[in-house]
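Structure first, commentary second.
Bear in mind these aren't lab numbers, they're just calculated from the coordinates by the rules spelled out. Everything numeric here is computed off the predicted structure, so don't read it as measured data. Because the Cβ atoms are built from the backbone with ideal geometry, glycine has one as well, and the counts that use them run over all protein chains shown.
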Amino acid sequence: MTIAVCPGSFDPVTNGHLDVFTRAARQFDRVIVLVTGNPAKKTGLFTVEERMELIREVTSDIANIEVDHWSGLLVDYTTAHQVSAIVKGLRSSLDYDYELPMAQMNRRLSGVDTLFLMTDEKFGYVSSSLLKEVAKYGGDVAGLVPPAVKAAMEAKLQ
């Protein structure tokens, strides 16, 4: 059985993330969307638990996706869960420059390869932090996040 992990903070999960999850799910038997960060530390728009619930909701139609969280080294998680690959979405060369050293270190520490998926071009400019900024000032994020996430963002920002 091949198992991939898609790690990230996902605060909030975007349609770009969802696209990467869906594409990864076609390549692996199991895909674990791994919300990273310290669950005891309340930072960002959503708590870790809220992010996990939103991801579960927007991926509920994809049978081989599950959601978990982790606050330690990613390689410790991959080892403990027999993960075959780490999957990361890339929007631009800036993402690549940021992700490459981590991918190399993860491979050195655990032997697990990182696979990079290019983000669909219609989401190439979308980041969670940019979406939070737009929503904070009343901008419309429809089409950039799943409807459930848009509603949750609006409720948080009221």
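Before moving on, here are some points about what is shown:
- Of the trypsin sites (Lys or Arg not before Pro) in region 1-56, those whose Cβ has at most 10 other Cβ within 10 Å and which sit in DSSP loop: Arg26, Lys41, Lys42
- Residues whose placed amide H lies under 5 Å from that of Val141, excluding near-sequence neighbours: none
- Remark: region 71-80, residue by residue, has Karplus-estimated 3J(HN,Hα) of 10, x, 5, 4, 5, 5, 5, 4, 5, 5 Hz, where x stands for each Gly or Pro and the curve is 6.51 cos²θ - 1.76 cosθ + 1.60 at θ = phi - 60°.
- Between Arg56 and Ser9, residue separation times 0.36 nm minus the direct Cα-Cα distance comes to 15.5 nm.
- Two-site label geometry, Phe116 and His81: point separation in nm, points 7 Å out along Cα→Cβ: 2.3 nm
- Region 119-158: Lys pairs at Cα distance under 14 angstrom, eight or more positions apart or on different chains: 4
- Less than 5 angstrom separates the built amide H of Ile86 from those of Val5, Asp113, Thr114, Leu115, all sequence-distant by 5 or more or on a different chain.
- Annotation: amide H-H contacts under 5 Å for His69 (H modelled 1.01 Å from N, sequence separation of 5 or more, or interchain): Val35.
- Full-stretch length increase - Ser127, Asp140 - with 0.36 nm per residue and alpha-carbon distance subtracted: 3.2 nm
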